[in-house]
Every structure is written in structure tokens, then in C-alpha cells.
1. In what order, largest first, do A:115, A:148 sit by accessible area if the probe radius is 1.4 Å?
2. Once amide H atoms are built 1.01 Å from N in the peptide plane, which residues 5 or more positions from residue B:33, or in another chain, come under 5 Å H to H?
3. In angstroms, what radius of gyration and Dmax does chain B have, counting Cα atoms only?
4. Using a 1.4 angstrom probe on heavy atoms only, work out the carbon and sulfur share of the accessible area of chain B in %.
5. What accessible area per residue comes out for the protein assembly as shown, rounded to a whole number of Å², with a 1.4 Å probe?
6. Counting pairs of alpha carbon atoms under 8 Å apart in space and at least six apart in sequence, what relative contact order in percent does chain A give?
7. Enter the mean number of other protein chain beta carbons within 10 Å of the beta carbon of each residue in A:124-137, as an integer.
8. Loop-only chymotrypsin sites (Phe, Trp or Tyr not before Pro) in segment B:1-95, please: DSSP not H, G, I, E or B, and at most 15 other Cβ atoms within 10 Å.
Amino acid sequence: MSISLCVIVNGNEHHLDVAPHHTLLDALREELGLTGTKRGCEVGDCGACTVLLNGKAVNSCLVLAAETEGAEVVTIEGVAGREGLHPLQEAFIREGAVQCGFCTPGMILSALALLRENPRPSDAEVRQALSGNLCRCTGYAKIVQAVLDASDASLVPGFGRPEGLRPSR
Amino acid sequence: MLSKLREFQYLRPRSLDEAEELIQQFGPDARILAGGTDLLVRMKERGLRARVVVDLKAIPGLAGIHAEPDGSLRIGALTTLGDIERSSHIRAHFPLLWQGASCVGSVQVRNRATVGGNLCNASPAADTAPPLLALGGEAILRGERGERRLLLEKFFTGPGRTAMGQEILVGISIPPNGAGSSLYLKHSPRRAMDIAIVSVAVRLDVDSQTGVCGKASIVLGAVAPVPLRARAAEQTLEGQRLTAQRLEDAARAAQEAAQPIGDLRGTAAYRREMVWVLTRRALVEASGAGEGSTFFQG
Ligand SMILES: Cc1cc2nc3c(=O)[nH]c(=O)nc-3n(C[C@H](O)[C@H](O)[C@H](O)COP(=O)(O)OP(=O)(O)OC[C@H]3O[C@@H](n4cnc5c(N)ncnc54)[C@H](O)[C@@H]3O)c2cc1C
Ligand code: FES
Ligand code: FES
């Protein structure tokens with residue numbers, strides 16, 4: 001038996017029929033084809049599946065799709081604007097914070113959630129906010145630097161509101 | 001590749017009555033879902049079976065932090081650890097709980113994990129348990145025959161086991177914290193994202209005029225089948241002036257109370273040693289005998 005849902009993903013309303021035991025991660029990747037959200041450990045350890053759910057960073061592997069009725073979800077596909085990449089994405093590229101890229105979508109969403117709440121984080125606050133996102137390539141220093149860099153841009157109006165995203169409720 | 005979860009029926013009751021009915025109806029086939037950060041992991045990794053998953057999140061009134069006029073606090077069972085961490089009231093007036101909640105997992109985990117789930121999961125290493133026990137917290141339980149209250153000290157009966165029957169935890173009630181000073185210390189290999197090898201919550205009421213300790217609470221995590229109140233250690237301090245020797249004696253008494261097991265996180269002997277180290281450090285800091293009393297997680 002499937003469950004009918006209405007979810008707003010990256011600003012667009014979607015009507016989905018999901019199996020009760022499918023996660024939000026399953027629905028994003030398999031139903032909506034949004035494969036930017038990565039499937040890593042499946043149990044909350046790696047953060048590769050991080051998305052924003054009603055504005056908060058969560059592990060989409062530990063959320064049932066059925067739990068997201070009426071919710072607003074932002075994935076990495078919703079972060080860039082029509083005019084180009086988000087300042088946080090630019091900073092990741094500039095700093096060389098992307099190697100294989102598997103952790104990057106999750107890192108960007110965790111960082112975005114941080115900068116919305118705390119536009120001027122310290123180095124320690126960035127590390128704390130990203131402690132649920134594992135990276136096997138970079139050694140983290142460049143990722144932390146990229147987020148600190150972007151925190152200057154985070155005071156620009158509209159920073160925390162990626163393209164297509166409605167104002168948070 | 002799709003979800004590692006096996007099929008189940010997902011139900012979303014809109015009221016406590018409805019939820020309670022479902023739990024009676026399905027009995028052990030039903031699993032209560034709060035934030036899912038324990039339940040879904042156990043279902044994925046450890047083959048825990050659920051025929052029916054009863055999600056409590058559509059029931060109004062089960063999440064929220066309520067400061068009562070008398071200084072006590074009521075927290076809905078579905079309040080997330082993230083909301084506790086973001087509460088300036090809890091940070092200022094119940095710092096012990098703030099410290100426990102803030103050191104769980106990651107931002108992502110805390111945004112889903114609920115305080116009720118942390119307690120009902122009944123891990124001896126649950127990070128909100130020692131703080132809530134030390135604060136004298138009570139569980140508010142809702143069952144077939146209405147509501148009852150149970151001191152959290154009596155709530156845990158073994159690893160993964162609680163004194164709840166077919167009941168729902170609706171909230172936690174904490175008496176006024178007064179001016180006591182307190183500290184929660186967690187020892188884990190990684191600073192973040194790791195469960196405790198040993199943890200300790202201490203809370204001391206020290207008279208600033210006389211330096212005599214009134215009520216003392218010392219609760220240990222991860223070193224017994226349940227979060228453990230170290231009574232003998234508390235008694236070493238109550239009614240006494242807190243000299244370095246007393247604090248040391250209390251830490252030894254806590255160490256003796258611990259009944260740790262050895263596992264891949266640490267041997268029993270190591271855990272016992274760490275109980276002494278951590279309890280002494282927490283007591284020194286909380287009693288003001290240390291360098292200041294910043295939150296320390298080591
Ligand atoms: C990556 C990761 C890191 C973690 N790190 C820590 C850590 O450092 N410290 C720590 O303490 N925990 C940690 N945890 C465990 C977990 O996040 C917490 O125990 C969390 O608080 C559980 O809450 P929940 O709402 O997600 O519970 P759920 O998974 O929804 O439920 C847990 C259990 O309690 C029952 N239950 C839940 N709510 C109720 C209720 N209201 N009434 C009756 N029964 C109920 C459920 O049926 C289930 O058996 C971690 C988990 C993950 C995935
Ligand atoms: S895939 Fe979700 S945290 Fe690893
Ligand atoms: S860039 Fe490869 S895991 Fe982070």
C-alpha cells in the first residue's frame with residue numbers, strides 16, 4: 001500500500017506516491033531523480049544524504065518519506081540560482097574544498113544551515129556544525145576555510161534563500 | 001538500490017487517544033516512531049522488525065518547552081534535542097540538560113532526535129539521562145488508564161528496557177533547579193558523533209556563606225545496565241564542606257558503584273578508572289574548586 005504525499009522540493013510542489021518503508025533519501029533519488037543527495041552509510045553517520053527539512057539540516061536516510069507530508073525540502077539541486085552558483089558553492093571551488101565530491105552536497109547544505117543561523121561563525125563553530133559530515137578526501141581544512149570565506153558573502157541579502165525557495169515559515 | 005527497511009504499515013494518529021488505541025490493538029507488532037534516529041537505525045542495521053510504525057509527530061502538544069512560574073520545567077517528549085540546544089531558557093536555568101542534549105550526535109541527528117526517544121531507547125549511554133536524573137526529573141506517562149508520573153530514577157530497568165508498559169511517554173517534568181551548580185562530562189573517542197564510554201552528571205547545592213554542601217547528585221552513564229545514581233558518593237558530600245579530600249572520596253565512591261562491562265569502546269577496568277577521573281573532575285569544576293567552570297567535553 002502506498003501513501004500519497006504533497007511535498008515542496010526546491011520550491012516546487014510535488015505529489016508523490018511512496019511506499020511506507022521508503023525514506024526521504026529514496027524518494028529524492030528514485031522518484032524525483034535528484035541524485036545530488038548521496039546515499040552513504042544509510043544510518044546517520046556520514047552526512048552525505050543531508051538535506052534541509054523545513055529549514056533544518058537532517059539526514060534524509062533517517063526520515064521516512066511518509067513523514068514529509070506538507071514539508072519543505074531543499075536539496076543541493078535547489079542551492080544554485082538561475083544566475084549561477086551560490087556563493088557557498090563558489091567558495092568551495094575557489095578553496096579547493098571539493099575532491100571526489102561525494103561529501104560535497106551534504107557539506108554545502110550543513111554549511112548553509114549554519115550560515116543562516118549564524119552568519120559569522122568561528123572556525124570552531126564551523127567544525128562543530130560539520131561534525132556530522134564525513135569527508136575522506138580533503139582533510140577538512142579547505143572545507144572549513146570555504147565556509148569561513150562564504151560567511152562574508154552570507155550577509156548579502158537573499159544568501160540563505162536559494163533560488164526557488166520560499167521564505168521560511 | 002532502495003531502502004534497507006523492510007515493509008511495514010505507517011500510521012499517523014492525530015490524538016493521544018488514537019495512538020494509545022493503536023498501541024493496544026497491535027501490541028508488540030507496533031513500534032512508536034519519534035525522531036527515528038534510534039528506531040530506523042535498529043531496523044536497518046539490526047533487523048528489528050516492525051509490522052506497524054506509529055508516528056507520534058502529528059499529535060498536537062507533544063513538543064515544546066514550558067517554563068512554569070514556580071521555576072519548574074515541562075518538556076514535551078517530542079521536543080528535539082536541537083530545540084533544547086537552541087533554548088536560551090534551558091541553557092541559562094538547566095545547563096546540565098543543555099550540555100547533555102548538545103553533545104548528542106551531529107546537528108542533523110539533534111534536529112530529529114527527541115528527548116523522549118533518547119529516554120525510551122534506554123541506552124545506558126543516553127546523554128540526556130544522567131542530567132535529567134540528576135535534576136530530579138519525572139516521566140509523564142500516558143496509558144490505557146490515564147496519566148501517571150514516574151521518577152526517572154525508576155524509569156530504567158535494564159539496557160533497552162524501561163518501566164513503561166504499553167504506554168506513551170508524553171513529557172518530562174523537572175523541579176526548579178535553584179542556584180545549584182552542575183556539570184555534565186562525556187568521555188568519548190571522538191568529540192562529536194560518538195556515544196559515551198563513560199559520562200557523569202553532577203549537581204551540587206553549596207551554601208555560598210558556609211561552603212557546606214546541601215543536596216548532591218551524581219549520576220553515571222555507560223557504566224551499568226541503567227544510568228546509575230551513585231548514592232554513596234552523594235552521601236559523602238551532603239552536609240559537608242567540600243574539601244579536595246571529600247571530592248576525592250566521593251569520586252572513589254562513584255568508582256565503586258560503577259558496574260561497567262568491557263566492550264570495543266573500552267575495557268571494564270578502563271571504564272572504572274575513567275569514572276573516578278571524570279567524577280573528580282566534574283566535582284572539582286562544579287564546586288568552584290577548579291579553574292572556572294566552562295563546559296568541558298573530553
Ligand atoms: C549518528 C548517530 C549518533 C548518535 N549519537 C548519540 C549520542 O552521542 N548520544 C546519545 O545519547 N544518543 C545518540 N544517538 C542515538 C539517538 O539519536 C538518540 O537516542 C535519540 O534521542 C533518540 O530519539 P528519537 O526521537 O530519534 O527516537 P526514536 O528512534 O524515534 O525512538 C527510540 C525508541 O524509543 C521509543 N519511543 C520514542 N518516543 C517514545 C515515546 N514518546 N513514548 C514511548 N516510546 C517512545 C521508540 O519506539 C524506540 O524504541 C545517535 C544516533 C545516531 C544515528
Ligand atoms: S547516508 Fe545518511 S548519514 Fe550516511
Ligand atoms: S571530497 Fe571526497 S569525500 Fe569529501
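The values are calculated or read from the model by the stated rules, or taken from the named source; none is laboratory data. These numbers come from a predicted model, not from an experiment. Every residue, glycine among them, receives a Cβ derived from its backbone with ideal geometry; neighbour counts consider all protein chains shown. For accessibility, only protein heavy atoms count, side chains too; no ligands or nucleic acids. Shrake-Rupley method; radii C 1.70, N 1.55, O 1.52, S 1.80 Å.
1. On the way: A:115 5, A:148 40 Å².
Per-residue accessible area, sorted high to low, gives A:148, A:115.
2. Long-range HN contacts for residue B:33: B:54, B:55, B:56.
3. Rg then Dmax for chain B, in Å: 19.4, 66.
4. Working: 6210 of 12840 Å².
With neighbouring chains kept in place, the figure for chain B is 48 percent.
5. Numbers: 19870 Å² over 467 residues.
Per residue, the protein assembly as shown has an accessible area of 43 Å².
6. Values: 321 pairs, mean separation 41.8, N = 169.
Reported as a whole number, the value is 25 percent.
7. Working: counts 0, 0, 0, 2, 5, 3, 3, 9, 9, 4, 2, 0, 0, 0.
That average works out to 3.
8. Numbers: sites: B:8, B:10, B:26; in loops: B:8.
Loop-located and lightly packed - none at all.
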